[in-house]
Amino acid sequence: MLEPTPAFQQIQQAFAAYVRDPEQAPPPGFQPERIALYRELFFNNVLSFIGGAFPVLREVLPEAQWLALLRDFFARHRCATPYFAGIPEEFLDYLQRERAEAFDDPPFLLELAHYEWVELALAVAMGEPPRDNPELLADPLECRVFLSETAWPLAYRFPVHRIGRDFQPTEAPPQPTCLAVYRDGADQVRFMELNPVSYRLLQILEEAGERPARECLRQIAEELGYADAEAIMSHGAETLRALAERGVIGAV
């Protein structure tokens, strides 16, 4: 049999629920005016932290819509992390799982938030970029290559890396936007726009761990229906060099 919740915990829970959502009745014995001070303090902390973590999203949304979004997150979502650094991921989880479709959000909202979260996540992700490898730059087709521990291949419906105050698409373009977001040797998070073939190459390495470069390109040629795999080797070599120069891939 479950023990009943102690009275003091019931009061704490009621107080916290009212701080989150003042539309409900205040807990007995508390004056709403006094609780409002705590609510404003907590909400402003969350507002400041999320605004700093998602600056582009903050910029493109009108002030009233941004505040309404944050208030809904504050009232609805139950964070599992005790750390402020984990709040951006909690906010992304809220957008993915709890944000009601009835809200008048821009169609790119979730993807833009994910892209901005990726920049934060990669900045603190474990792992190191691959070391410079002269052989990879000189003759990439003869190398066994791998995806950097600090590089993520990503595909979005919207061109999230271009969205800002002056560019807010209302419909997704016909082709997806493929990116490699990576942390370089100077610990700077950067992005590289990819064509679908380069994106597929990084997907293969992400799945395989490491593979001979020629083998990766032959697989892509087969998937594209090219009878002569050697026809893409020259272009593939240049792609491998460009990826290696940025630290997106390495070689063993």
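The values are calculated or read from the model by the stated rules, or taken from the named source; none is laboratory data. Owing to the predicted nature of the structure, the values given are computational and were not obtained by experimental measurement. Cβ: placed from backbone, ideal geometry, glycine included. Neighbour counts: every protein chain shown.
Miscellaneous remarks
- Every condition in (1) part of a helix (DSSP H, G or I); (2) surrounded by fewer than 18 Cβ atoms within 10 Å (Cβ to Cβ); (3) in contact (Cβ under 8 Å) with a residue 60 or more places away in the chain; (4) not polar (S, T, N, Q) holds for GLY86 except the one numbered (3).
- Selection status of PHE49, in a helix (DSSP H, G or I) and either acidic (Asp, Glu) or at pLDDT 80 or above (or both): yes
- Those residues of region 161-176 which are within 11 Å of VAL60 (Cβ to Cβ), of a type in the set (A, V, I, L, M, F, W, C) and surrounded by 10 or more Cβ atoms within 10 Å (Cβ to Cβ), in sequence order: ILE163
- Complete set of residues in region 89-109 that are at pLDDT 90 or above and surrounded by 12 or more Cβ atoms within 10 Å (Cβ to Cβ): GLU89, GLU90, PHE91, LEU92, ASP93, TYR94, LEU95, ASP105, PRO106, PRO107, PHE108, LEU109
- Any hit, region 134-155, residues being part of a loop (DSSP other than H, G, I, E, B), touching a Gly at 6+ places or on another chain (Cβ under 9 Å) and among the polar types (S, T, N, Q): yes
- Hey, VAL118 touching a Phe, Trp or Tyr at 6+ places or on another chain (Cβ under 7 Å), buried (at least 19 other Cβ atoms within 10 Å of the Cβ), in a strand (DSSP E or B) and not assigned by TED's automatic domain parsing to the domain that holds PHE49 or not: no
- Residue within region 161-176 that is under 30 Å from CYS79 (Cβ atoms), in contact with a strand residue (DSSP E or B) (Cβ under 9 Å, 6 or more places away or on another chain) and at pLDDT 95 or above present: yes
- Taking the listed residues LEU154, LEU205, LEU194, LEU147, the one that is in contact (Cβ under 8 Å) with a residue 60 or more places away in the chain, within 22 Å of the chain's Cα centre (by Cα) and under 30 Å from PRO55 (Cβ atoms) is LEU147, with no other qualifying.
- When each of GLU210, GLU230, GLU223, GLU206 is tested for being farther than 20 Å from ARG183 by Cβ and at pLDDT 85 or above, the lone residue that passes is GLU223.
- Considering each residue of region 219-227 in turn, none proves to be within 24 Å of VAL189 (Cα to Cα), surrounded by fewer than 12 Cβ atoms within 10 Å (Cβ to Cβ), in the same structural domain as LEU136 (by TED's automatic domain parsing) and free of Cβ contacts under 8 Å to residues at least 60 places away in the same chain.
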